[in-house]
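Heads up, the thing below is written out as structure tokens.
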Amino acid sequence: NASPASVSCTVTTKKRTVPAPAAPTAGRTSDVSVTLTAISGYEYRIEGGQWQTSPTFMGLLPATAYTFYQRIAETATDLVSPSSAGAQIKTAKSDVKAPAAPKMKSKTAYSVTLRRTDGCEYRLGNGAWRDDPVFDGLDPATAYTFYQRIAETATDLVSPSSAGAQIRTAK
């Protein structure tokens, strides 16, 4: 005959360990945000930050390199993985709007001097952009079109060209 059932006992197995995943990769970047390539069940962190389930990091500085990490989140059966190696991802430079058309400071029969605007560069017609707002060697009583744009910096892209300012040299 079978014996009566014994007292039950509960056995809990330990969760499995999982290896660290590969370093994260950038999905999208802008001048103020980075979105890592999302992987289901992963958590993400920017260097010095807390782990989060969202792969998007906002409020970053333009043209700046940041280090990002990822790990596999804890589940009912698995422990949280160690952190991946860091991936350095740089935000983009910021777009800059076109400035107003340049203003004339002075003119003669053979030159035009534009008002200098900090951070701008200047062009006569379809010529090359330059830092100097003084244009010499012009013809008397002739209309010329001048443009200005904001020059590229470490954090900002070059702006589009301003509207043209037509200035006629003196007689």
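The values are calculated or read from the model by the stated rules, or taken from the named source; none is laboratory data. Predicted, not measured: the structure shown is a model, and the values here were computed from it. All Cβ positions, glycine included, derive from the backbone under ideal geometry; neighbour counts span all protein chains shown. Quick note on the areas: whole protein, heavy atoms, side chains included, nothing else; ligands and nucleic acids left out. Shrake-Rupley method; radii C 1.70, N 1.55, O 1.52, S 1.80 Å.
Worth a mention:
- Checked against (1) open to solvent by less than 60 Å² (accessible area, probe 1.4 Å); (2) assigned to a loop (DSSP other than H, G, I, E, B); (3) at negative phi, Ala63 passes all but condition (3).
- Residue count for the range 118-167, restricted to those that are touching a residue at least 40 places away in the same chain (Cβ under 8 Å) and of a type outside the set (S, T, N, Q): 14.
- Every listed requirement among (1) open to solvent by less than 40 Å² (accessible area, probe 1.4 Å); (2) in contact (Cβ under 8 Å) with a residue 12 or more places away in the chain; (3) farther than 30 Å from Ile167 by Cβ; (4) not hydroxyl-bearing (Ser, Thr, Tyr) is met by Ala109 save one, (3).
- Whenever a residue of the range 84-104 is in contact (Cβ under 8 Å) with a residue 40 or more places away in the chain, its partners that are among the basic types (Lys, Arg) and open to solvent by 70 Å² or more (accessible area, probe 1.4 Å), lying with C-beta atoms within less than 6 angstrom and at least six residues away or across chains, give the pairs Lys103/Arg115.
Here is a yes/no grid of residues against (1) at pLDDT below 95; (2) open to solvent by 40 Å² or more (accessible area, probe 1.4 Å); (3) in contact with a helix residue (DSSP H, G or I) (Cβ under 7 Å, 6 or more places away or on another chain); (4) of a type in the set (Gly, Ala, Ser):
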site: Arg115; (1), (2), (3), (4): no, yes, no, no
site: Asp131; (1), (2), (3), (4): no, yes, no, no
site: Asp136; (1), (2), (3), (4): no, yes, no, no
site: Asp139; (1), (2), (3), (4): no, yes, no, no
site: Gln148; (1), (2), (3), (4): no, no, no, no
site: Ala151; (1), (2), (3), (4): no, no, no, yes
